[in-house]
Amino acid sequence: MSESSGPVQLHQPRRVAVLSVHTSPLEQPGTGDAGGMNVYITETATRMACRGVAVEVFTRATRSQLPPVAELAPGVLVRHVAAGPFEGLGKDELPSQLCAFTAGVLRAEARRDPGHYGLIHSHYWLSGQVGWLARERWGVPLVHTAHTLAKVKNAALAEGDTPEPRLREIGEQQVVDEADLLVANTAVESGELISRYDADPGKVRTIAPGVDLVRFRPGDQVSARLSLGLPVDATIFAFIGRLQPLKAPDVLVRAAAELVDRGLIPREKLAVVIAGGPSGSGMGTPEALRNLAVHLGIDDVVRFLPPQQGDALVALYRAADAVAVPSHNESFGLVALEAQACGTPVVAAAVGGLPVAVRDGSSGLLVPGHDPVAWAGALNQVAAPQTRGRLARGAVRHAEDFSWERTTDALLACYAQAAVEFRRANLPAELVG
């Protein structure tokens, strides 16, 4: 689907206020709180701008040297709102700064003519709290995307992880009740909003995220490995993402030990690459993973890389024989989609949105649970040349079903519907009928 740069249609908002309190689209995914949500906002915002819809992203300023306003792309601005100290605040501390953040957002709108923003799209529950108040003040519809849900995360908590607090569950419920439309990544997430949060089914829309099919595409594996200094003749499995218990990178390390101990892949022919940075309750995870590799006797097999971006990220996807996504929960799993677009099969946990992101037996394999023995078996199966070749071809075909263009088109249609229903709901009683 090609992008359109034509004039704004009457049913589309002229300008959208995107709220992303706890992480900025300017941050590098793979460390801290930056991840798939950052990619989602960046990709959809830039494509909306190509369609003539201006986007302004409001996010909390985390460094004193950040400019008040930065251009992410033509037609897309990032506004840094001062709310609390610049450094040292985790997500669990941010609720105390929501009043200050909301005040900054409202002041920005107050300097404009009425109707400057035609719609609000909030991402994550913290932003939804701000969006709920801005909706009331500005008289515009609120569309909300949760990305993750506390009740779902707590139901599948990783060992050693910290449960999401009751405060978040209450906050999410308030946003679900107040938003005009809720956007879920998959039908599973839509069902969770309805069953766990009693969301009105008529307010829930399922819109799958996408992948940049121009950037992420198949390429030469040998060249990719040489560019990253990885062995050309080894079987390489990669984990790419934030290092936290929820993402379960330890499952890949333990599975690699099983592969070596059971003689399925010779030690000298196996390499495991862990690429990412610490996040959340896993701030000590890099050292813990290194210690785990030492304890299991495979520290010579496991290699650690910082978060990758640009051509290096594409090269890492291409270099791997398979990418592992062993998360305890994922609302979708953009890493899985990016890997498949590069022609690399994915071995993923059968949780959350991953059964949508990965077509089991066709573009990769889904593993029930997190048993290292089961994971070792799945990885070994994918590594077989004939199986890998078949799955690699299926991975490319599967990824082609997703694109950010389609996601953006669906979001704009959702915005149009929200605007129509918002106007209808707020018409004077004498005009309804």
Residue list for the stretch 90-129, restricted to those being closer than 18 Å to VAL55 by Cβ, under 20 Å from the mean Cα position of the chain (by Cα) and not small (Gly, Ala, Ser): ILE120, HIS121, HIS123, TYR124
Unique match (being assigned to a helix (DSSP H, G or I), at pLDDT 95 or above and under 23 Å from GLY333 (Cα atoms)) among ARG196, ARG205: ARG196
Look through the stretch 296-321, keep the residues that are under 13 Å from VAL272 (Cα atoms) and hydrophobic (A, V, I, L, M, F, W, C), and return whichever of them is surrounded by the most Cβ atoms within 10 Å (Cβ to Cβ). ALA320
For a quick check of your reading of the model, give me the residue pairs whose first member lies in the stretch 62-81 and is in the same structural domain as ARG51 (by the TED database) and surrounded by 15 or more Cβ atoms within 10 Å (Cβ to Cβ), whose second is of a type in the set (Phe, Trp, Tyr) and not in a loop (DSSP other than H, G, I, E, B), with beta-carbon atoms closer than 7 Å and at least 6 apart or on different chains. ARG79/PHE58; VAL81/PHE58; VAL81/PHE101
Taking interchain pairs and intrachain pairs at least six residues apart, which have beta carbon atoms under 7 angstrom, with the first residue in the stretch 191-205 and within 15 Å of VAL152 (Cβ to Cβ) and the second polar (S, T, N, Q) and surrounded by 13 or more Cβ atoms within 10 Å (Cβ to Cβ)? TYR197/GLN173; VAL204/SER190
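What do you reckon, is GLY202 over 29 Å from GLU338 (Cβ atoms), of a type outside the set (A, V, I, L, M, F, W, C) and crowded, with 16+ Cβ neighbours inside 10 Å?
no
For the stretch 1-54, name all the residues that are charged (D, E, K, R), modelled with pLDDT of 80 or more and either farther than 15 Å from VAL143 by Cα or within 22 Å of the chain's Cα centre (by Cα) (or both).
Answer for the stretch 1-54, where residues must be charged (D, E, K, R), modelled with pLDDT of 80 or more and either farther than 15 Å from VAL143 by Cα or within 22 Å of the chain's Cα centre (by Cα) (or both): ARG14, GLU27, GLU43, ARG47, ARG51.
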Among the residues of the stretch 153-189 satisfying the criterion of being among the acidic types (Asp, Glu) and assigned to a loop (DSSP other than H, G, I, E, B), which is surrounded by the fewest Cβ atoms within 10 Å (Cβ to Cβ)? GLU159
If you go through the stretch 216-234 one residue at a time, do you hit one that is within 26 Å of ASP371 (Cβ to Cβ) and not assigned by the TED database to the domain that holds VAL143? yes
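Residue-wise test of (1) over 21 Å from GLY369 (Cα atoms); (2) out of contact with any Cys (no Cβ under 8 Å at 6 or more places or on another chain); (3) of a type outside the set (Lys, Arg).
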{"site": "LYS247", "(1), (2), (3)": "no, yes, no"}
{"site": "VAL251", "(1), (2), (3)": "no, yes, yes"}
{"site": "ALA256", "(1), (2), (3)": "no, yes, yes"}
{"site": "LEU259", "(1), (2), (3)": "no, yes, yes"}
{"site": "LYS269", "(1), (2), (3)": "yes, yes, no"}
{"site": "LEU292", "(1), (2), (3)": "no, yes, yes"}
{"site": "LEU305", "(1), (2), (3)": "yes, yes, yes"}
In the stretch 290-339, anything closer than 18 Å to GLY35 by Cα, of a type in the set (S, T, N, Q) and not in a loop (DSSP other than H, G, I, E, B) is listed as none
Within the stretch 135-152, track down each residue that is of a type in the set (Val, Ile, Thr), under 30 Å from HIS116 (Cβ atoms) and in a loop (DSSP other than H, G, I, E, B). VAL140
Scan the stretch 359-380 and tell me whether some residue there is surrounded by fewer than 22 Cβ atoms within 10 Å (Cβ to Cβ), assigned by the TED database to the domain that holds LYS247, among the small types (Gly, Ala, Ser) and in contact with an Asp or Glu (Cβ under 8 Å, 6 or more places away or on another chain). no
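The values are calculated or read from the model by the stated rules, or taken from the named source; none is laboratory data. It should be emphasised that the depicted structure is a prediction, and the values quoted were computed from it without experimental measurement. Positions of Cβ are generated from backbone atoms using ideal geometry, with glycine treated the same way; all protein chains shown enter the neighbour counts.
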